[in-house]
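What follows draws every value from the coordinates through simple rules; no lab data is involved. Quick caveat, the model's predicted, so the values are computed rather than measured. FYI the Cβ positions are ideal-geometry reconstructions off the backbone, even for glycines, and counts take in every protein chain you see.
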Protein chains: 2
Amino acid sequence: MNKKLSFTIQKTLWKARLWTLQLNGVTLETPIFMPVWTKATIKWVPLERMCAEMLWTQTPVRLILNNTFHLYLRPWDTLIKKFWGVHTFQNRNWLILTDSGWYQVFSLWLSKSWKSLVKIVDDGVWFQSPHDGSRHFFSPTNVIDIQRNLWSDIMMMLDICSPVHGINKKKVAQQMYTTHQRAKQAYQYHMESYNTYNWVLFPIVQWWLYTDLREESATILSQYAYDWIALWWLSVGETSEELERIVSFVTDKLPTDKPRYLMGVWTPKELRQAVYNGIDMFDCVVPTRLGRHWWAFVWDDVLKIKNAQYKEDFWPLDSTCNCHTCRNFTRAYLHHLIRESEMMGWTLLSLHNIAYLHKLMETIKEEIRNT
Amino acid sequence: MNKKLSFTIQKTLWKARLWTLQLNGVTLETPIFMPVWTKATIKWVPLERMCAEMLWTQTPVRLILNNTFHLYLRPWDTLIKKFWGVHTFQNRNWLILTDSGWYQVFSLWLSKSWKSLVKIVDDGVWFQSPHDGSRHFFSPTNVIDIQRNLWSDIMMMLDICSPVHGINKKKVAQQMYTTHQRAKQAYQYHMESYNTYNWVLFPIVQWWLYTDLREESATILSQYAYDWIALWWLSVGETSEELERIVSFVTDKLPTDKPRYLMGVWTPKELRQAVYNGIDMFDCVVPTRLGRHWWAFVWDDVLKIKNAQYKEDFWPLDSTCNCHTCRNFTRAYLHHLIRESEMMGWTLLSLHNIAYLHKLMETIKEEIRNT
């Protein structure tokens, strides 16, 4: 049984890794930041412009994330299957990574008004659709079926992401064991047909700040990481220092020959720290969300373009940036668009923020390559 | 004194005209449909994609409309002047046509809740900003100054567009004479510096269904149409047959050697009728507004993509169309985006609608050329 994913080392720098990744005919370089195509589109950014931004490097970003939960509920994974998968549906023939759907269910469960919609059980999770109240069940195996229906290239296992507050260590440990059990089930189910399909599946290491649990989880789950392994980070309320400490701790316990994916991290500082602690892949919706709230990354800061000081500012958003927005428009124009609630303003800011993180990864790759 | 605008006949077909128009280094063919860049951006359509659609023909559309009223109030014409005009501000070096600002003031005056903000006087109109209540005045000469601040290529004179309801013919005639007086004032003011600046100015013929007033107005205003003349059509409630009758009547009274611009007409049927009655230019915001309400032009009909029948429809929006939307996406995907309120859905529909009218004009030009 040959692995579908090839992951070849080019260069390392301390714990940072510059690798070439090949899957289903697509070649990428890591470290990489994946834009999130939540519901089969990236929020507020026109597809074509996004692609142009992502293709300008020698090793273009051709890897995006779609959310299983959203596409499962609407328009349905089965409908997308009829379109020969989400690549065809959204007309983007890149690698598609899908999550397990758990995080969105977990978000319902965390919120006061939606909590009653969710019931976590040992063999999965029951939930009601926020759209129409219909009842659904995610199990370790059916989320694989759903992700296969989407024709995902890279699938994730159903886990349990423990909440940070209102839970003791014993309960966390129980949830961890349940997750390990699920991972085993998912792994077996996936491996039965591993040679039949073109997708890969990976487990997720969690358990917040408990280093002993992290270590145990890393050891157990490494067994099921045939191609890949992920670290679930973002829950609620961790500090940047805690993040760095735990990432450094866990990456020491992980197999060195597999890509490592850290979820939900987005600040430039934390991304850089994580790469230098051995992480290869990232995703987050925040860059576009910030854009829709008038914020833009600039050099080593963020800037709120709605502020009156930019009304007559003839400069680009970030003079060191060569993205579409910064090449073509002034801060004054962006300020005007945002003040007028014109879609184009949010679009141009979101595009810049994605391009900024993309460029950050390029810079880090150059550091690794040339140091 | 040489005219800045050159307008050269290529071919006519009955009353329809295929002309080449040259102004400020830009060459266009008419008939032409201008997209509306209301507040220095076209609503919901990314600039670059819009441009790509408009440039694919041999004689690309490089003429767009900006609204004086909106840009005067925000970000201010004087700020835009500091940017060397609206071309630079919105980074689009095409021909810019600006309206006089009257229609937006008139719209305030027609609405129950804003009526009190407007006071029409003989030498102009007083109004309060809907943004902050500040008081402003538009006069026949200061709207020229404002449009010059914007660096408009093609300016319009301040007119009075009489309401259709609640007004008798005598009052309409009075408003017409006031408009003629204003046109004279504007013409004199403009001609004093005609050779200094690169913009042209045109008067507007109106007066609803009164053919005698239309004729009188056409005759008087033709004197002030040094470069150009426009017909103001859309007020409220005219039928398609009334439109055709009046357009046919008025175009017979207009100089044949000047471009004629009919405002606010957008249905494919009416556009076609108007071209064959001697109209050269059109604009309207409706194609993008329809897109934002889920409607798309298809062949000889309109289609509401939100309807459930399109949920699994694998076809493009319009199989006869080669726009970006129709080349790349299915109805099912557009239906999904609209159901999810994803911006991309409105964008793709708006883009298609503009491209559709653009293509309609191309088709009509071919008919004129080849018949």
Check: When every alpha-carbon pair in the stretch B:163-225 is counted, what percent end up more than 20 Å apart?
Finding: 33
Next item on the list: Can you tell me the relative contact order of chain A? Whole percent, Cα pairs under 8 Å, sequence separation 6 or more.
Entry: 17
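Compute for the stretch A:232-371: radius of gyration divided by Kirkwood radius, i.e. Rg/Rh, restricted to C-alpha atoms, rounded to two decimals. Walk me through the numbers on the way to the answer.
Values: Rg = 16.9 Å, Rh = 16.3 Å.
With Rh from the inverse mean 1/r over Cα pairs, Rg/Rh is 1.04.
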Check: When DSSP assigns beta bridges and you keep just the ones with both residues in the stretch B:62-213, what percent turn out antiparallel, to the nearest 5?
Finding: 50
Note to self: Between A:LEU18, A:LEU79, A:LEU349, where does the largest GNM mean-square fluctuation fall for chain A, given springs only between Cα atoms within less than 10 Å?
What the structure shows: A:LEU79
Check: So, in Å, what gap is there between the alpha-carbon centers of the stretch A:217-280 and the stretch A:80-121?
Finding: 22
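Would you tell me the mean number of C-beta atoms belonging to other protein chains that fall within 10 Å of each C-beta in A:344-351, as a whole number? Walk me through the intermediate numbers first.
Numbers: counts 10, 1, 1, 6, 3, 0, 0, 1.
Rounded to a whole number, the mean comes out at 3.
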Notebook entry, point to check: Using the Kirkwood formula over every pair of different C-alpha atoms, what hydrodynamic radius in Å results for the stretch B:210-302?
Noted result: 14.2
Checklist line | Bridge type composition, the stretch B:209-312 - antiparallel percent by DSSP, nearest 5 | finding: 40
Margin query: Return the unpartnered cysteines for the protein assembly as shown, using a Cβ-Cβ cut-off of under 4.7 Å.
Written below: A:CYS51, A:CYS161, A:CYS284, A:CYS323, B:CYS51, B:CYS161, B:CYS284, B:CYS323
Check: For A:GLU48, which inter-copy label distances result when the label point lies 7 Å beyond Cα on the Cα-to-Cβ vector, reported in nm to one decimal and in ascending order?
Finding: 1.0
Next item on the list: Please compute the Cα-Cα pair-distance distribution of the protein assembly as shown with 10 Å bins starting at 0, giving whole percents from short to long.
Entry: 3, 13, 21, 21, 16, 11, 9, 5, 1, 0
Margin query: What does the net charge come to around A:SER222 if you take all other residues with beta carbon closer than 10 Å to its beta carbon, with K and R at +1 and D and E at -1?
Written below: +2
Checklist line | Cα pair distances in the stretch B:29-90, grouped into 10 Å bins until the bin that holds the longest one, percent each | finding: 20, 47, 28, 5
Note to self: Kirkwood Rh and Cα-based Rg: tell me the resulting Rg over Rh for the stretch A:285-365, rounded to two decimals.
What the structure shows: 0.95
Check: Which residues in the stretch A:280-296 place their backbone N less than 16 Å from a point set 7 Å from the Cα of A:THR320 along the Cα-to-Cβ direction?
Finding: A:296
Item checked: Alpha-carbon Debye profile of chain B, log10 I(q)/I(0) at 0.06, 0.11, 0.12 Å⁻¹ -> -0.22, -0.78, -0.93
Checklist line | Per-residue mean of C-beta atoms belonging to partner chains within 10 Å, peptide B:328-341 | finding: 4
Margin query: Suppose you put the label 7 Å out from Cα in the Cβ direction; list, shortest first and in nm with one decimal, how far B:ASN168 is from each other copy's label.
Written below: 9.0
Margin query: I need the Debye-formula profile for the stretch B:72-128: one equal scatterer per C-alpha, no solvent, reported as log10 I(q)/I(0) at q = 0.14, 0.17, 0.27 1/Å, two decimals.
Written below: -0.53, -0.70, -1.05
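Can you pull a Stokes-Einstein diffusion coefficient for the stretch A:3-123 at 20 °C (1.002 mPa s), Rh from Kirkwood over Cα pairs, as a whole number of µm²/s?
On the way: Rh = 16.6 Å.
Answer, rounded: 129 µm²/s.
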Check: What Kirkwood hydrodynamic radius do you get for the stretch A:324-367 when you take the inverse of the mean 1/r over all pairs of distinct Cα atoms, in Å?
Finding: 11.3
Margin query: For the rotation taking chain B to chain A, which residue of B has the Cβ nearest the axis, and how many Å away is it?
Written below: B:PRO46, 2
Notebook entry, point to check: Which distances, in nm and shortest first, link the B:SER240 label point to the same label point in every other copy, taking 7 Å along Cα→Cβ?
Noted result: 6.3
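Over the stretch A:12-117, what is the relative contact order in whole percent, taking alpha-carbon pairs under 8 Å and six or more residues apart?
On the way: 112 pairs, mean separation 24.8, N = 106.
Relative contact order here is 23 percent.
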Checklist line | Cβ-derived FRET efficiency at R0 41 Å, A:SER134 paired with A:ARG289, nearest 0.05 | finding: 0.90
Check: For the residues B:PHE202, B:PHE249, A:PHE282, B:PHE83, what sequence is obtained by ranking on other C-beta atoms within 10 Å, fewest first?
Finding: B:PHE249, B:PHE83, A:PHE282, B:PHE202
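Can you give the calculated 222 nm mean residue ellipticity of chain A, where each DSSP H run of n ≥ 4 adds -39,500 (n - 2.57) and the sum is split over every residue, rounded to the nearest 500 deg cm²/dmol?
Numbers: 14 runs with 148 residues, N = 371.
Helices in chain A give a 222 nm mean residue ellipticity of -12000 deg cm²/dmol.
Please report the antiparallel percentage of the DSSP beta bridges confined to chain A, to the nearest 5. Walk me through the intermediate numbers first.
Numbers: 24 of 44 bridges.
Of those bridges, close to 55 percent are antiparallel.
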